[in-house]
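Chemist: One structure coming up, written as structure tokens, with questions to follow.
Derivation of every value follows stated rules applied to the coordinates shown; laboratory data play no part. Remember, it's a predicted structure, so these values are computed and weren't measured experimentally. Backbone-built Cβ (ideal geometry, glycine too); neighbour counts: all protein chains shown.
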Amino acid sequence: MADVNASSDLSTIFYLTGFPGYEEVHHWISIPFCILYLIGILGNCIILHIVRTDPSLHEPMYYFLAMLSLTDMGMSLPTLVSLFRLLWSISKEIEFNTCVIQMFFIHTFSLTESAVLLAMAFDRYIAICYPLRYFTILTPQRIAKIGAAALLRSSLSLTPLMIRLAYFPFCRSHILSHSYCLHQDMIHLACADIKFNVIYGLVLIIILWGFDFLGILVSYIFILRSVLRIASQKERLKALNTCASHICTVLILYVPMIGLSLVHRFAKHASPLVHIFMAHIYLLVPPVLNPIIYSVKTKQIRMGIIRLFVLKRIHSTRG
């Protein structure tokens with residue numbers, strides 16, 4: 001690779017690494033990534049289409065599910081072009097502005113997804129503990145405000161980090177250690193005091209994700225207490241089953257996120273492949289698995305998929 005140390009003409013250019021030591025098989029590595037992106041995009045688009053076109057799904061739970069699909073795609077799609085340009089040996093370069101925009105979208109939608117999961121926990125709490133007031137509390141207007149507030153909270157919280165990053169001098173290596181841009185990765189290349197970004201980033205994770213996780217936990221404590229008061233075991237299982245998909249989704253987001261944060265902060269001497277592997281799990285697992293989980297566990301979504309593909313094919317065959 002050409003020298004990528006700082007110089008005036010390369011000051012706004014960075015280089016993505018990909019999978020070090022496996023550059024010769026990048027084309028083959030791109031195949032599973034292509035499959036994962038297709039599954040994630042197709043699955044979330046199907047969820048959005050079903051919720052939009054089926055009037056019976058115009059309810060709070062499914063509006064929040066549509067928000068989840070949008071945030072999933074918001075996390076993964078910004079990396080699609082740069083990742084495949086790298087894996088298909090088109091270019092390893094990424095401009096600084098593009099890199100900042102990419103990381104802003106990734107981190108913004110990641111934080112937004114956490115807030116959406118909190119809203120979904122609140123939705124289950126209202127549905128189980130106050131079923132008669134469910135539709136009066138969670139009106140479409142209120143749901144739209146919740147979604148807008150979640151996005152606004154995330155974007156405004158990240159703005160100080162992005163502004164400060166824009167003024168950092170990068171006089172050392174311009175080689176990023178991932179296949180896409182992450183804030184934790186880029187700040188370590190700066191020739192400046194990065195204490196603010198490190199501390200602010202850590203505090204941001206603890207406060208926002210910590211608040212969301214605590215809110216989810218409290219919601220489920222109240223849900224569990226309410227469910228245990230139900231006399232019928234069948235009704236208890238039915239109530240808990242409506243929460244199963246959401247619990248899986250929470251684990252799918254938080255476990256990779258916590259793992260990636262711990263690896264970046266406390267396992268700096270681990271193999272680069274460990275960092276890269278964790279980064280891609282964090283990026284791709286939620287968009288791929290969330291539509292599958294809700295398709296399997298939610299009868300209404302499952303029936304919507306059947307109507308979309310099976311019944312439509314039957315009608316077209318008869319026609």
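Chemist: Looking only at the range 87-130, how many residues end up being more than 27 Å from residue 161 (Cβ to Cβ) and either outside any helix (DSSP H, G or I) or without any contact (Cβ under 8 Å) to a residue 12 or more places away in the chain (or both)?
Modeler: Total meeting the criteria: 4.
Chemist: Go over the candidates 193, 185 one by one and state the one that is acidic (Asp, Glu), over 17 Å from residue 74 (Cα atoms) and not in a helix (DSSP H, G or I). Can you show your working first?
Modeler: Details: 185 fails: not in a helix (DSSP H, G or I).
Going through 193, 185 in turn, just one is acidic (Asp, Glu), over 17 Å from residue 74 (Cα atoms) and not in a helix (DSSP H, G or I): 193.
Chemist: Now, a different point. With respect to residue 120, determine if the residue is among the aliphatic types (A, V, I, L, M), within 30 Å of residue 228 (Cβ to Cβ) and touching a His at 6+ places or on another chain (Cβ under 6 Å).
Modeler: Working: among the aliphatic types (A, V, I, L, M): yes; within 30 Å of residue 228 (Cβ to Cβ): yes; touching a His at 6+ places or on another chain (Cβ under 6 Å): yes.
Yes.
Chemist: Let me confirm something: among 201, 210, 259, 215, which residue is within 18 Å of the chain's Cα centre (by Cα) and more than 20 Å from residue 176 (Cβ to Cβ)? Full working, then the answer.
Modeler: Values: 201 fails: more than 20 Å from residue 176 (Cβ to Cβ); 259 fails: more than 20 Å from residue 176 (Cβ to Cβ); 215 fails: within 18 Å of the chain's Cα centre (by Cα).
None of the other options fit; the residue is 210.
Chemist: Checking the condition crowded, with 18+ Cβ neighbours inside 10 Å and either of a type in the set (Asp, Glu) or assigned to a helix (DSSP H, G or I) (or both), which residue from 207, 199, 223, 163 passes?
Modeler: Details: 207 fails: crowded, with 18+ Cβ neighbours inside 10 Å; 199 fails: crowded, with 18+ Cβ neighbours inside 10 Å; 163 fails: crowded, with 18+ Cβ neighbours inside 10 Å.
Of the residues listed, the single one that is crowded, with 18+ Cβ neighbours inside 10 Å and either of a type in the set (Asp, Glu) or assigned to a helix (DSSP H, G or I) (or both) is 223.
Chemist: Suppose we filter the range 97-119 for residues that are within 17 Å of residue 13 (Cα to Cα) and either of a type in the set (S, T, N, Q) or crowded, with 22+ Cβ neighbours inside 10 Å (or both); how many remain?
Modeler: Going through the range 97-119, the residues within 17 Å of residue 13 (Cα to Cα) turn out to be 97-103.
When the remaining residues are screened for being either of a type in the set (S, T, N, Q) or crowded, with 22+ Cβ neighbours inside 10 Å (or both), the result is 97-99, 102-103.
Qualifying residue count, the range 97-119: 5.
Chemist: Checking residue 308 against (1) surrounded by 16 or more Cβ atoms within 10 Å (Cβ to Cβ); (2) in contact (Cβ under 8 Å) with a residue 40 or more places away in the chain; (3) more than 20 Å from residue 108 (Cα to Cα): exactly one of these is not met. Which one?
Modeler: (1)
Chemist: Filtering the range 52-80 down to residues that are in contact (Cβ under 8 Å) with a residue 60 or more places away in the chain and hydrophobic (A, V, I, L, M, F, W, C), which residue is surrounded by the most Cβ atoms within 10 Å (Cβ to Cβ)?
Modeler: 65
Chemist: Residues in the range 17-38: is at least one under 21 Å from residue 168 (Cβ atoms), surrounded by 14 or more Cβ atoms within 10 Å (Cβ to Cβ) and of a type outside the set (D, E, K, R)?
Modeler: Quick first cut of the range 17-38, residues under 21 Å from residue 168 (Cβ atoms) only: 17.
Now narrow it down to the ones that are surrounded by 14 or more Cβ atoms within 10 Å (Cβ to Cβ): 17.
Okay, now just the ones that are also of a type outside the set (D, E, K, R), so 17.
For the range 17-38, residues under 21 Å from residue 168 (Cβ atoms), surrounded by 14 or more Cβ atoms within 10 Å (Cβ to Cβ) and of a type outside the set (D, E, K, R): present.
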